[in-house]
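Asker: Just dropping this structure here.
The values are calculated or read from the model by the stated rules, or taken from the named source; none is laboratory data. All values derive from a computational prediction rather than experimental measurement. Please note: Cβ atoms are built from the backbone with ideal geometry, for glycine as well, and neighbour counts cover all protein chains shown. Please note that ligands, DNA and RNA were not included when accessible areas were found on the heavy atoms of the full protein model with its side chains. Shrake-Rupley method; radii C 1.70, N 1.55, O 1.52, S 1.80 Å.
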Amino acid sequence: MSRLFRGVFIAWVVLRFGLDELVLSGFRNPVLRGLRRLVSIGRNLRSPRGQRLREALEALGPIFVKFGQVLSTRRDLLPPDIAEELARLQDRVPPFPSAVAVATIERAFGKPLNEVFADFDQTPVASASIAQVHFATLKDGREVAVKVLRPNMLPVIEKDLALMRTMAGWVGKLSADGKRLKPREVVAEFDKYLHDELDLVREASNAAQLRRNMADLNLVLIPEMHWDHCRNEVLVMERMKGVPISQVERLRAAGVDIPKLARDGVTIFFTQVFRDGFFHADMHPGNIQVSLEPATFGRYISLDFGIVGTLTQFDKEYLAQNFTAFFRRDYKRVAELHIESGWVPPDTRVDELEAAIRAVCEPYFDRPLKEISLGMVLMRLFQTSRRFNVEIQPQLVLLQKTLLNIEGLGRELDPELDLWSTAKPFLETWMNQQIGPRKLWEQLKAEAPHYAKLLPELPRLLHDYLRQRPHDLGREVRELVQEQRRTNRLLQGILYGGVGFVLGLLAMQLLVRVRLW
């Protein structure tokens, strides 16, 4: 019955904001177009379609708001006006009662609140659709932040997700444009993100990994997780004291070097992407603060690690080759990379894809470097990819979304920020690692344990093999000797070839350095 009432409420919101007219406008059938005009009679639908969709999601509640936020990152699927409007969705949710938070904590730990904390602030300091945060003090005197999940979130989420899947099926069947948007895949992606955020232990492990990765950079602070006090519903972490990065004037008055702060943000992001392949994928201003403590003055403070992005070796090689081809204006190679990766149908014409990519990228080379937006280039490439049915991988969508956040934040802090010059050292280092002797040496070191284990076993394996064929030992020995001679010649060839290969790599590295940089 509750699901029925929820469905009726959703239908009322759809009619109120004219989303039915928005869906019918995507059909080319004359009958359906006539129906669109019919349902528009007597309704005020003059507001832009993106605005109506955003307001409808806000009316439907926090789960739909978060869905709109995730959907706004899929700029490869959405028209620009709708994507821009959905990006304005704000996850401002009233806090739930402190008594409920206390009950959740006591249930998670199986003991009264005063046995867990020496002090607990009943007033939450932050509230979102999934959880809210309280400040507290542990028994040993350490100040902590306590993140508590909203009560009964899973049943509510499952009901709304079931309705979303139903609506996604309708959209995919009723409209060709709707089918192209892949609504079922988008809902499945949202389902994954949402369930990941519901597991606070998973968020704690993400934070711990980022903390280890960033320990030697001395540019960003990540709270320490108190594992003895972490549960699926409750997360206890080190309390961080900083100023929200959106309060630029306050930071400037405190003496923070704002242009350096902008460059440091870009450095942190590219380090996480190209060095670690593990990056914070929710770096909007609400999750970023700046420390004013004397020991850590001017450092970033990262919060909320429910969503992280990971890049495989293939992903990083794909990005590096695309960036390199882009720098050289080799648009044909960019098109070939898309086809080789399998993200474009194999019957796609390379020249057509090349021409489309050229139309996106070429205008940017006539501008000063500081005016080039790498995020906008990627966004326009994703939009162009719709025409060729490019399958954009989720991890690259997260990368593009985070890059847009970082670039927008950096430009807000310092309008003169040159993103390309800041990113160049990381790209150069990455390329050197991929084509230089260091990469060969790393691969040899990686395989060394395998060979070290195999070599001592060779005499025993040879002995066992010879004992199995005693009737023709002479012939076997002769064949073994001949095989050994061939092996020796092969090893000599490999040795000479390896030396030549290393020398060739060195020469190629010098050539690439000269041609690219």
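Asker: Classify the range 92-244 from the C-alpha gyration tensor, please: rounded if a/c falls under 1.5, else prolate or oblate depending on whether a/b exceeds b/c. Please report the intermediate quantities before stating the final value.
Answerer: Working: a/c = 2.75, a/b = 1.71, b/c = 1.60.
Prolate shape, in that a/c is at least 1.5 and a/b is the bigger ratio.
Asker: Just to verify a number: FRET efficiency for residue 199 and residue 412, C-beta to C-beta distance, R0 = 25 Å, to 0.05?
Answerer: Details: r = 33 Å, r/R0 = 1.31.
Once rounded, the FRET efficiency stands at 0.15.
Asker: Would you tell me the accessible area of residue 358, worked out with a 1.4 angstrom probe on the heavy atoms of the protein chains, in Å² to the nearest 10?
Answerer: 90
Asker: Any chance you could list the semi-axes, whole Å, largest first, of the equivalent ellipsoid that the Cα gyration tensor gives for the range 221-339, using √(5λ)?
Answerer: Numbers: eigenvalues 223, 93, 21 Å².
One finds semi-axes of 33, 22, 10 Å for the range 221-339.
Asker: Another question, then. Could you tell me the calculated FRET efficiency between residue 122 and residue 154, based on Cβ-Cβ distance and R0 = 25 angstrom, to the nearest 0.05? Don't skip to the answer; put the middle values down first.
Answerer: Values: r = 25 Å, r/R0 = 1.00.
According to the calculation, E is roughly 0.50.
Asker: Here's another thing I want to ask about it. Hey, can you find the accessible area per residue of the range 254-318 for me, probe 1.4 Å, expressed in square angstrom?
Answerer: I get 34 Å² per residue for this part.
Asker: Continuing with this model, one more query. Please work out how much length the chain gains when fully extended from residue 328 to residue 224, using 0.36 nm per residue of separation minus the C-alpha to C-alpha distance, in nm with one decimal. Please list the in-between numbers first.
Answerer: Values: separation 104, 0.36 × 104 = 37.44 nm, distance 4.31 nm.
Contour length minus Cα-Cα distance gives 33.1 nm.
Asker: Whole Å is fine, so just give me how far the alpha carbon centre of the range 197-242 lies from that of the range 260-296.
Answerer: Here the two parts' Cα centres lie 15 Å apart.
Asker: At 1.4 Å probe size, with no ligands or nucleic acids counted, give the accessible surface of residue 115 in Å², nearest ten.
Answerer: Counting only protein heavy atoms, the figure is 110 Å².
Asker: Arrange the residues 98, 129 by how much accessible surface each exposes, largest first, with a 1.4 angstrom probe. Mind showing how you got there, number by number?
Answerer: Details: 98 30, 129 0 Å².
These residues rank, largest area first, as 98, 129.
Asker: Calculate what fraction, in whole %, of the accessible area of the range 179-265 sits on carbon and sulfur atoms when a 1.4 Å probe is rolled over the protein chains.
Answerer: Numbers: 2000 of 4220 Å².
Carbon plus sulfur share of accessible area: 47 percent.
Asker: Would you tell me the accessible area of residue 231, worked out with a 1.4 angstrom probe on the heavy atoms of the protein chains, in Å² to the nearest 10?
Answerer: 80
Asker: Given that compact globular proteins tend to follow 2.2 N^0.38 Å, what is the ratio of the alpha-carbon Rg of the range 220-289 to that value?
Answerer: Details: Rg = 14.6 Å, N = 70, 2.2 N^0.38 = 11.1 Å.
Rounded to two decimals, the normalised Rg is 1.32.
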